[in-house]
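S.K.: Take this structure, written in structure tokens, and hold onto it; I'll ask about it next.
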Amino acid sequence: SWNMPNYAEEAIGKIRSAVGNDKVILGLSGGVDSSVAAALIHRAIGKQLTCVFVDNGLLRLNEAKQVMDIFTRNLDVTVTQVDASHEFFKYLQGVSDPETKRRIIGREFVEVFQRESAKITDAKWLAQGTIYPDVIESAGSKTNKAHTIKSHHNVGGLPETLHLQLLEPLRELFKDEVRELGLALGLPREMVFRHPFPGPGLGVRILGEVKHEYAELLRQADAIFIEELHLSGWYEKTSQAFAVFLPVKSVGVMGDGRTYDYVVALRAVQTQDFMTANWAELPYSLLSKVSNRIINEVRGINRVVYDISGKPPATIEWE
Ligand code: XMP
């Protein structure tokens, strides 16, 4: 494995000599890869880098603020935040097919990103947080398209019509090395060790049609689950954990009244490679606490269920 501080120094030197005095644009998602790429490139070229952070309205609770705090306040990186949630919800209206939703979210991201990057005049480079497994995977998927079960839209896949040269400083690193590099660059542990989050975000965790109201409920429920996982020490023992919004109403009782509200499913898995996964055997006491908190604190949810399906045959996400 690399010696990360040395690796960082070397990578910084390479970025400087490649880029010279040019301007660089980077699509920042808040995920580990784009965040580490941003921190590294910023170290190398400072204000020549502009990050574009697209808020699609499908992010987790307070996520946009956290990303902006870390990058603009703590690291002094130039980040343009674009609130495009209105647009995303508009195009998702009436759409319930998972792959169609993915396509819309991916297309809309490219649209918004292109519009914003056009404002950064005479930029020459597009930076991406492509890591080694992505390089291998995309080489394989060209011959293997028919076997794609879910189309993955990440920040990658931006069109060549941008006419920018690609800058991919993490291309030779594995995920654990990217994390190590992130720490060496001073990114907070919570960001570097965060569970993966899909590009389409809550768009594929709200089953069927995506509505703003559903996203609000899901964000709250998900934040409670994640908070309790952290408090109990289970966050690090799971590979990915999240809440899923089921647009189904069931009957409940609350005080003297009858409720008729939505259902949230909790998903927590353990996996090495995300190709196969086991559902996590979370303690009943933890599940009970999360369930009580969600039902008491999130008005509009009156039932919580736990997903006990392995992958295969289920997938990790519900869509
Ligand atoms: P599945 O649901 O296929 O998920 O078992 C495996 C891993 O991939 C993530 N995932 C996605 N990531 N865009 C992404 O960037 C997507 O459309 C997408 N779909 C699934 C999922 O979160 C899990 O880590």
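S.K.: Could you tell me whether K14 is assigned to a helix (DSSP H, G or I) and free of Cβ contacts under 8 Å to residues at least 40 places away in the same chain?
M.R.: Spelling it out, it is not the case that K14 is assigned to a helix (DSSP H, G or I) and free of Cβ contacts under 8 Å to residues at least 40 places away in the same chain.
S.K.: Do any strands (runs of 3 or more DSSP E) entirely within segment 240-319 hold 2 or more residues that are of a type in the set (G, A, S) and surrounded by 12 or more Cβ atoms within 10 Å (Cβ to Cβ), and if so, which?
M.R.: Output list reads 240-254, 257-270.
S.K.: Within 16 Å of the ligand (Cβ to nearest atom) and aromatic (F, W, Y) - does that describe any residue in segment 75-90? Steps first, please.
M.R.: Step one: of segment 75-90, the residues within 16 Å of the ligand (Cβ to nearest atom) are 88.
Filter again for aromatic (F, W, Y), leaving 88.
Yes, some residue in segment 75-90 is within 16 Å of the ligand (Cβ to nearest atom) and aromatic (F, W, Y).
S.K.: Mind counting the residues in segment 161-175 that are at pLDDT 65 or above, more than 16 Å from the ligand (Cβ to nearest atom) and part of a helix (DSSP H, G or I)?
M.R.: 1
S.K.: Just a yes or no: is a residue in segment 269-278 within 16 Å of the ligand (Cβ to nearest atom) and among the hydroxyl-bearing types (S, T, Y)?
M.R.: The answer is yes; a qualifying residue exists.
S.K.: Report yes if some residue within segment 90-108 is under 23 Å from R189 (Cα atoms) and of a type in the set (A, V, I, L, M); otherwise report no.
M.R.: Checked against the condition, which is being under 23 Å from R189 (Cα atoms) and of a type in the set (A, V, I, L, M), segment 90-108 yields no hits at all.
S.K.: Looking at V178, V192, V204, can you tell me which residue is within 16 Å of the ligand (Cβ to nearest atom) and either touching a Gly at 6+ places or on another chain (Cβ under 8 Å) or more than 30 Å from V248 (Cα to Cα) (or both)?
M.R.: V178
S.K.: Note down all Cβ pairs under 6 Å where the first residue falls in segment 214-241 and is small (G, A, S), the second is assigned to a helix (DSSP H, G or I), and they're at least six residues apart or on different chains.
M.R.: That search, which allows pairs on different chains as well, returns A215/L202; A221/I294; S232/L286; A241/L229.
The values are calculated or read from the model by the stated rules, or taken from the named source; none is laboratory data. Please read all numbers here as calculations on a predicted model, not as lab measurements. FYI the Cβ positions are ideal-geometry reconstructions off the backbone, even for glycines, and counts take in every protein chain you see.
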